[in-house]
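Below: one structure, written as structure tokens.
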Amino acid sequence: MKSLNRRSTLAAALLAALGLASGAAQAQTKQLTLCWAAWDPANALVELSKDFTAQTGVQMKYEFVPWPNFAQRMLNELNSKGKLCDLLIGDSQWIGSAATEGHYIKLNEFFDKNGIKMSDFMPATVEGYSTWPKGTKNYWALPAMGDAVAFTYRKDWFARPELQAEFKTKYNRELAPPTTWDEFKQIGQFFQNRTIDGKKVYGAALYTERGSEGITMGVTNVLYAHGMQYDNPKKPYDMKGFINGPEAVAGLKFYKELFDCCTPPGHSNAYMTEDLDSYKSGQVAMQMNFIAFFPGIAKDPNVGGEKTGFFTMPKAKIAAAQLGGQGISVVKYSDKKELALEYIKWFAQPAVQQKWWDAGGFSCHNAVLSKPGFEKSTSYAPVFLDSMKIVKDFWQEPSYAQLLLAMQKRTHDYVVAGKGTPQEAMDGLLKDWTEVFKEDGKIKP
């Protein structure tokens, strides 16, 4: 009996030890994987999220994919119902397919239960990143990263007295950031093939990339400004005379003129990285890019500080800018949805949103954006605020990928390859998009 009791005691101790080990293992598996693109804001989020781990004990793991591969990698993950991502910061254009196909969980009930109000966030970001169908209050994401396309410019070049004098003589106005697209073209032409500090420089780095979404994210800024609309505001999917109307044709023609007159040699397949490289290496006077890159530019040892200024998209008929940015969603296929929701609850707090802005992210929370002194908090804060007031977005339809590929091809063929006329390009795009919407059943045959 004595021996048996001893064995029982040992067995109990062993079981207890195993239990403790099991508990420790469970604690170690209290982990979330957040998926996003690989860029500076993602690095800022890693640092910010250390506070979440400190408060909750939940470890954060990250899957960051370079931008050229981001959409294909993440959309494949969603379509295969993969469990890699618990949280996904997905592009605004994905919201239609992600909601319709059930990739994201709907957040309305969670928001209501936890006092998270969409009215606390910038309206354009709620509409762009969170809602589907458009015009409803069905929420599939929390606005996470406000963004739009804008411009940087070589403030130090613009300020040179000899260039100021020459420009004023030629155009009868000051050499200053352009407010119209015609002014932008003049400045681009003024700097094109000029020698500055012994180096040949060029007017502007624009988006021209064909493979993913680059030229669309560039040309739309000019199309919008000229008055283009995707379809009839009073009759959805009625696109004839809108996407191929005179405003759209004029905008496309003007973008080609900018490409022909004012871009560096070989700038025929350029997107975010290529434009950054052109600007940071001192090749161009102006650079088109997402505002998300502006914190890094402001700190850059070669072009940062007082050497760089920022301006919003110029006007033609109206002021408009292409929306960028993303919302953060909980992936339906995650086994850790409750933990993922806890992260969103934490991230939505105004204090955390303030830290997010301070870290180099772009908060969409009104408490941050309306805080006294916000516009002076960084050199690019005014451009961010002004741009987010005039944003428009590409289609967010479930079939956005097919719509995007068609626009990429049609605009690149005309702008870069010089094929056909702008009217032919937009007529072809109307044909392409009509076929897509017929297949979707949104246009009757």
Going through the range 273-305 in order, the residues found to be over 17 Å from residue 67 (Cα atoms), open to solvent by less than 50 Å² (accessible area, probe 1.4 Å) and touching a residue at least 60 places away in the same chain (Cβ under 8 Å) are 278, 279, 282, 284, 285, 286, 287, 295, 297, 298, 303
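Determine whether residue 349 is free of Cβ contacts under 8 Å to residues at least 24 places away in the same chain, closer than 22 Å to residue 107 by Cα, touching a Ser or Thr at 6+ places or on another chain (Cβ under 9 Å) and not β-branched (Val, Ile, Thr). Spell out the reasoning first.
Numbers: free of Cβ contacts under 8 Å to residues at least 24 places away in the same chain: yes; closer than 22 Å to residue 107 by Cα: yes; touching a Ser or Thr at 6+ places or on another chain (Cβ under 9 Å): no; not β-branched (Val, Ile, Thr): yes.
No, not satisfied.
Matching residues to (1) free of Cβ contacts under 8 Å to residues at least 12 places away in the same chain; (2) within 16 Å of the chain's Cα centre (by Cα):
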residue: 189; (1), (2): no, no
residue: 196; (1), (2): no, no
residue: 200; (1), (2): yes, no
residue: 203; (1), (2): no, no
residue: 212; (1), (2): no, yes
residue: 216; (1), (2): no, yes
residue: 225; (1), (2): no, no
residue: 230; (1), (2): no, no
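Tell me yes or no: at least one residue of the range 153-165 is among the hydroxyl-bearing types (Ser, Thr, Tyr), within 24 Å of residue 298 (Cα to Cα) and open to solvent by 20 Å² or more (accessible area, probe 1.4 Å).
Going residue by residue through the range 153-165, those that are among the hydroxyl-bearing types (Ser, Thr, Tyr) are 153.
Remaining after also requiring within 24 Å of residue 298 (Cα to Cα): 153.
Pick out the ones that are also open to solvent by 20 Å² or more (accessible area, probe 1.4 Å) and you get 153.
Within the range 153-165, one or more residues are among the hydroxyl-bearing types (Ser, Thr, Tyr), within 24 Å of residue 298 (Cα to Cα) and open to solvent by 20 Å² or more (accessible area, probe 1.4 Å).
Does residue 393 satisfy being of a type in the set (D, E, K, R), under 18 Å from residue 125 (Cα atoms) and open to solvent by 20 Å² or more (accessible area, probe 1.4 Å)? Give the derivation first.
Working: of a type in the set (D, E, K, R): yes; under 18 Å from residue 125 (Cα atoms): yes; open to solvent by 20 Å² or more (accessible area, probe 1.4 Å): yes.
Yes: the conditions hold for residue 393.
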Could you list, in sequence order, all residues of the range 356-387 that are part of a loop (DSSP other than H, G, I, E, B) and surrounded by fewer than 16 Cβ atoms within 10 Å (Cβ to Cβ)?
370, 371, 372, 373, 377
Return the pair list, or none, for Cβ contacts closer than 6 Å from residues in the range 330-345 that are touching a residue at least 60 places away in the same chain (Cβ under 8 Å) to residues that are of a type in the set (Phe, Trp, Tyr) and surrounded by fewer than 20 Cβ atoms within 10 Å (Cβ to Cβ), at least 6 apart or on different chains.
341/110
Does the range 379-412 hold any residues that are over 19 Å from residue 91 (Cα atoms) and touching a helix residue (DSSP H, G or I) at 6+ places or on another chain (Cβ under 7 Å), and which are they?
379, 380, 381, 382, 383, 385, 410, 411, 412
Filtering the range 343-355 down to residues that are open to solvent by 40 Å² or more (accessible area, probe 1.4 Å) and in a loop (DSSP other than H, G, I, E, B) yields 349
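Would you tally the residues in the range 131-177 being under 19 Å from residue 194 (Cα atoms) and not in a helix (DSSP H, G or I)? Reasoning before the result, please.
First, pick out the residues of the range 131-177 that are under 19 Å from residue 194 (Cα atoms): 152-171, 174-177.
Retained after the next criterion (residues that are not in a helix (DSSP H, G or I)): 152-154, 159-160, 174-177.
So the count comes out to 9.
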Within the range 396-412, how many residues turn out to be closer than 16 Å to residue 423 by Cβ and open to solvent by 20 Å² or more (accessible area, probe 1.4 Å)?
1
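Has the range 190-203 got any residue that is touching a helix residue (DSSP H, G or I) at 6+ places or on another chain (Cβ under 7 Å), crowded, with 23+ Cβ neighbours inside 10 Å and more than 30 Å from residue 440 (Cβ to Cβ)? If you could, list the steps in order and put the result at the bottom.
Of the residues in the range 190-203, the ones touching a helix residue (DSSP H, G or I) at 6+ places or on another chain (Cβ under 7 Å) are 190, 192, 196, 201-203.
With crowded, with 23+ Cβ neighbours inside 10 Å added as a condition, the list becomes 203.
Right, trim to more than 30 Å from residue 440 (Cβ to Cβ) and you get 203.
Yes.
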So residue 179 passes all but one of these: (1) without any contact (Cβ under 8 Å) to a residue 24 or more places away in the chain; (2) open to solvent by 60 Å² or more (accessible area, probe 1.4 Å); (3) among the polar types (S, T, N, Q); (4) on the phi < 0 side of the Ramachandran plot. Which condition number does it fail?
(1)
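The values are calculated or read from the model by the stated rules, or taken from the named source; none is laboratory data. Computed from a predicted model, the values in this text were never measured in an experiment. Cβ atoms come from the backbone with ideal geometry, glycine included; neighbour counts cover every protein chain shown. Just the protein is used for accessible areas: all its heavy atoms, side chains included, with ligands, DNA and RNA removed. Shrake-Rupley method; radii C 1.70, N 1.55, O 1.52, S 1.80 Å.
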